[in-house]
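Just below is one structure, and these are the notes that go with it.
The values are calculated or read from the model by the stated rules, or taken from the named source; none is laboratory data. Keep in mind that this is a model prediction, so the values were computed, not measured. FYI the Cβ positions are ideal-geometry reconstructions off the backbone, even for glycines, and counts take in every protein chain you see. Accessible surface areas use protein heavy atoms only, side chains included; no ligands, DNA or RNA. Shrake-Rupley method; radii C 1.70, N 1.55, O 1.52, S 1.80 Å.
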Amino acid sequence: MQEITASAQVQFGCGKETIGFRELQEAIYRLEKSSHWRLENDTACCYFRKITKIHRRRHKAGALSLCDALLETQDFLSKEVNDRLFAIVGIGYDGSDLVPSTDYRQSLNNVARDLTRSLIRRNGCFDIIVADQSRKSRPDGFPTWVLNWFSGDLPNDEYFISCMRPGSGPLF
């Protein structure tokens, strides 16, 4: 995903055939509008739409934060759980500041703790700690103040998102 969203020109290959990113976008758009679209293709299309959105925001708006990328990709699957974060560090303009080391030997606990600390330091407030009150999918050993960035069920409410934005400052 990082290679697709970070590159200005993307080519997909299958055997000897290739197709460009924009051509694939157009083909999927047409398939969705046709009567030949089958439901089993929908999951792949959903992920491709998300990747397209990230690609567009990164290249046209130039303002995709690591936290925005985390929210957009939280339901993506990955063999290595750490890849939910490490694979997108290079996509966000602030990724290398928030996650300076992509060390796969670190525990998930340490990676989540370090990212939460980085957000607290950057924003100058502790609101990120209370933003996710549900504490769903909390692995054993995670401190109560650390968000589980790997759970796939990060909240999408405005309060949580504002706590991740640079310079959001204290809300109360």
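Taken as a whole, the condition of being over 23 Å from Pro166 (Cβ atoms), more than 12 Å from the chain's Cα centre (by Cα), open to solvent by less than 60 Å² (accessible area, probe 1.4 Å) and modelled with pLDDT of 80 or more applies to Phe48.
Going through segment 104-116 one residue at a time, which ones are among the charged types (D, E, K, R) and either crowded, with 16+ Cβ neighbours inside 10 Å or under 18 Å from the mean Cα position of the chain (by Cα) (or both)? Lay out the reasoning, then the answer.
Step one: of segment 104-116, the residues among the charged types (D, E, K, R) are 105, 113-114.
Passing the criteria: Arg113, Asp114.
Scanning segment 58-67 for any residue that is open to solvent by 20 Å² or more (accessible area, probe 1.4 Å), closer than 19 Å to Ala131 by Cβ, assigned to a helix (DSSP H, G or I) and out of contact with any His (no Cβ under 6 Å at 6 or more places or on another chain) turns up nothing. Cβ-Cβ contacts under 8 Å between residues 6 or more apart (or on different chains), taken from a first residue in segment 1-28 that is open to solvent by 80 Å² or more (accessible area, probe 1.4 Å) to a second residue that is outside any helix (DSSP H, G or I) and of a type outside the set (Ser, Thr, Tyr), are listed as Glu3/Val10; Gln9/Gly20; Gln11/Ile19; Gln11/Gly20; Thr18/Gln11; Thr18/Phe12.
For first residues located in segment 56-78 and over 25 Å from Thr43 (Cβ atoms), partners that are among the hydroxyl-bearing types (Ser, Thr, Tyr) and open to solvent by 30 Å² or more (accessible area, probe 1.4 Å) and lie 6+ apart or on another chain with Cβ distances below 7 Å form the pairs Ala63/Tyr93; Ser65/Tyr93. For segment 118-128, the criterion of a residue being exposed (fewer than 15 other Cβ atoms within 10 Å of the Cβ), modelled with pLDDT of 85 or more, more than 18 Å from the chain's Cα centre (by Cα) and closer than 30 Å to Ile4 by Cα is satisfied by no position. Would you say Leu66 is more than 25 Å from Ile28 (Cβ to Cβ) and touching an Asp or Glu at 6+ places or on another chain (Cβ under 6 Å)? Taking the combined requirement at face value, the residue satisfies it. Applying a threshold of 9 Å to beta carbon distances and a minimum spacing of six or more residues, or different chains, the list of pairs starting in segment 30-41 at a residue that is at pLDDT 75 or above and ending at one that is part of a loop (DSSP other than H, G, I, E, B) reads Leu31/Trp37. Here segment 153-172 is the region considered, the condition is being open to solvent by less than 30 Å² (accessible area, probe 1.4 Å) and modelled with pLDDT of 70 or more, and the residue that is nearest to Val81 (Cα to Cα) is Leu154.
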